[in-house]
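Below is one structure, written out as structure tokens; comments come after it.
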Amino acid sequence: MPSPQLAAAPAAPAALLLAAPPSSATGTEASRRLLDLESGSRPMTLWGSSSMSSEGGAEATPLPVRIHEHLTLSASPAPVHAFGVGATRSAHTLLLRGLDTPRLAVVGGPAAGTAAGSTANSATPSDRVEVTLDSGLAPSGPIQVPGTVDGLAGMLDGSSGTWYFTPDDPAAVPADDLAATVAGGVFTSSLVEIAASSRQVLWVGKNNILDVTGVLQDVQRLWDAAETPEADSLVLGHWCTEHDAHGSATGDAVAAVNTEQARRYGDHFLDLQQLLTSEEGLHCSPLAPLQLLAQGTTQDALDRGVVPPLLVASDGIHLNGWGNLAVSWAIVRRMRELQWL
């Protein structure tokens with residue numbers, strides 16, 4: 001399973017501001033449609049772990065290839081919010097999405113550290129508190145979740161391996177009272193506000209793929225949370241690394257999850273294992289120059305049911321730039337078929 005990545009923690013990009021039209025329109029109607037932003041464009045949210053944040057995408061290609069950047073260009077002027085966080089499991093995505101709202105328990109009062117503006121030797125109490133979640137979910141990777149505890153805005157930060165809650169405004173609650181204020185409070189991610197009206201791309205659950213039932217349930221909850229569930233989600237299938245070869249426990253789990261999600265979601269499921277291991281997929285336009293099927297390493301990989309090494313980053317568990325380029329191409333093509341773009 002992937003170790004914690006150094007990917008940036010999710011943050012809500014600034015809202016797109018649409019310029020007011022001039023009082024007297026210029027140009028033809030066709031040119032105005034081409035050049036003007038469409039106020040009705042739907043935002044898009046991307047949920048998942050390190051693959052969704054394109055870990056490994058800086059390898060093999062002349063320039064880094066990151067899926068969210070390709071989708072941002074393709075979806076423009078609609079905003080694309082990338083919330084992939086490395087090393088997280090499907091339960092962490094539910095927390096980020098605001099579908100799980102745990103109650104917080106404070107550990108030992110105010111956390112060790114210094115408040116804003118104090119020195120390392122200062123006796124000023126910290127402006128954050130160590131907490132645990134009543135769901136029992138432990139932090140993983142560089143996860144940081146903006147949200148509220150019973151109306152108090154702040155950040156639930158697990159990037160150190162321990163959950164801490166820090167108010168956005170240290171002056172909102174005196175440091176001495178912070179533990180008592182947070183204790184027993186319900187945390188709700190503020191990302192739910194961004195996600196509420198968004199279409200969504202779900203690449204969730206590879207880090208806990210052996211829990212087939214849990215992954216399927218968590219993805220279904222994400223699917224059901226969309227504004228129009230039957231139309232607003234695209235679920236990406238998982239692909240097999242060398243750790244997931246034919247006959248392995250993880251390989252069987254990947255196959256089980258992909259098969260069931262293909263059955264459930266139909267055209268709203270994109271089979272990336274098929275894309276990256278089939279003759280047709282390996283001949284797709286982004287990969288055609290590599291002549292992958294002429295490579296001995298490709299044939300060996302396909303015999304084991306895993307993605308060819310020329311598409312995999314040096315860590316063996318993420319796609320490189322070429323792999324991400326193929327995935328980006330396939331996502332955009334499917335979104336056009338679904339009339340999202």
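The values are calculated or read from the model by the stated rules, or taken from the named source; none is laboratory data. Not measured: the values here are computed from a predicted model. Because the Cβ atoms are built from the backbone with ideal geometry, glycine has one as well, and the counts that use them run over all protein chains shown. Note: accessible area is taken over every heavy atom of the protein model, side chains too, but ligands, DNA and RNA are not part of it. Shrake-Rupley method; radii C 1.70, N 1.55, O 1.52, S 1.80 Å.
Any residue that is within 24 Å of the chain's Cα centre (by Cα), surrounded by fewer than 15 Cβ atoms within 10 Å (Cβ to Cβ) and under 24 Å from GLY205 (Cβ atoms) - is there at least one of those in the stretch 273-284? Taking every residue of the stretch 273-284 in turn, none turns out to be within 24 Å of the chain's Cα centre (by Cα), surrounded by fewer than 15 Cβ atoms within 10 Å (Cβ to Cβ) and under 24 Å from GLY205 (Cβ atoms).
The residues on offer are ALA87, ALA58, ALA138, ALA82, and the sole one that is at pLDDT 95 or above, outside any strand (DSSP E or B) and either β-branched (Val, Ile, Thr) or crowded, with 19+ Cβ neighbours inside 10 Å (or both) is ALA87. ARG336 meets the stated requirement of being at pLDDT 95 or above, under 26 Å from the mean Cα position of the chain (by Cα) and not polar (S, T, N, Q).
For the stretch 231-255, residues that are open to solvent by 40 Å² or more (accessible area, probe 1.4 Å) and not in a loop (DSSP other than H, G, I, E, B) total 5.
Taking every residue in the stretch 315-332 that is closer than 21 Å to ASP267 by Cα and pairing it with any residue that is part of a helix (DSSP H, G or I) and open to solvent by 10 Å² or more (accessible area, probe 1.4 Å), at least 6 positions away or on another chain, the pairs with Cβ-Cβ distances below 6 Å are SER328/HIS70; ALA330/LEU275; VAL332/SER74. In the set (1) within 19 Å of ALA60 (Cβ to Cβ); (2) free of Cβ contacts under 8 Å to residues at least 40 places away in the same chain, GLN274 fails one condition alone, (1).
Whether a residue is at pLDDT below 95, in contact with a Ser or Thr (Cβ under 7 Å, 6 or more places away or on another chain) and not small (Gly, Ala, Ser) was assessed, and PRO4 passes this test. Scanning the stretch 217-230 for residues that are charged (D, E, K, R) and assigned to a loop (DSSP other than H, G, I, E, B) turns up GLU227, GLU230.
For the stretch 144-178, residues that are surrounded by fewer than 22 Cβ atoms within 10 Å (Cβ to Cβ) and not in a strand (DSSP E or B) total 16.
If we scan the stretch 220-228, do we find a residue that is farther than 19 Å from SER90 by Cα, open to solvent by 20 Å² or more (accessible area, probe 1.4 Å) and free of Cβ contacts under 8 Å to residues at least 24 places away in the same chain? Checking the stretch 220-228: at least one residue is farther than 19 Å from SER90 by Cα, open to solvent by 20 Å² or more (accessible area, probe 1.4 Å) and free of Cβ contacts under 8 Å to residues at least 24 places away in the same chain. In summary, SER328 fulfils each of the numbered conditions (1) open to solvent by less than 50 Å² (accessible area, probe 1.4 Å); (2) over 24 Å from LEU46 (Cβ atoms); (3) not hydrophobic (A, V, I, L, M, F, W, C) with the single exception of condition (2).
Could you go through the stretch 258-266 and let me know if any residue there is more than 21 Å from the chain's Cα centre (by Cα), modelled with pLDDT of 95 or more and not in a helix (DSSP H, G or I). Within the stretch 258-266 (the criterion being more than 21 Å from the chain's Cα centre (by Cα), modelled with pLDDT of 95 or more and not in a helix (DSSP H, G or I)), the answer is no, since none of the residues qualifies.
Do we find that GLY108 is at pLDDT 50 or above, touching an Asp or Glu at 6+ places or on another chain (Cβ under 8 Å) and open to solvent by 50 Å² or more (accessible area, probe 1.4 Å) in this structure? Yes; evaluated as a whole, the condition is true for this residue.
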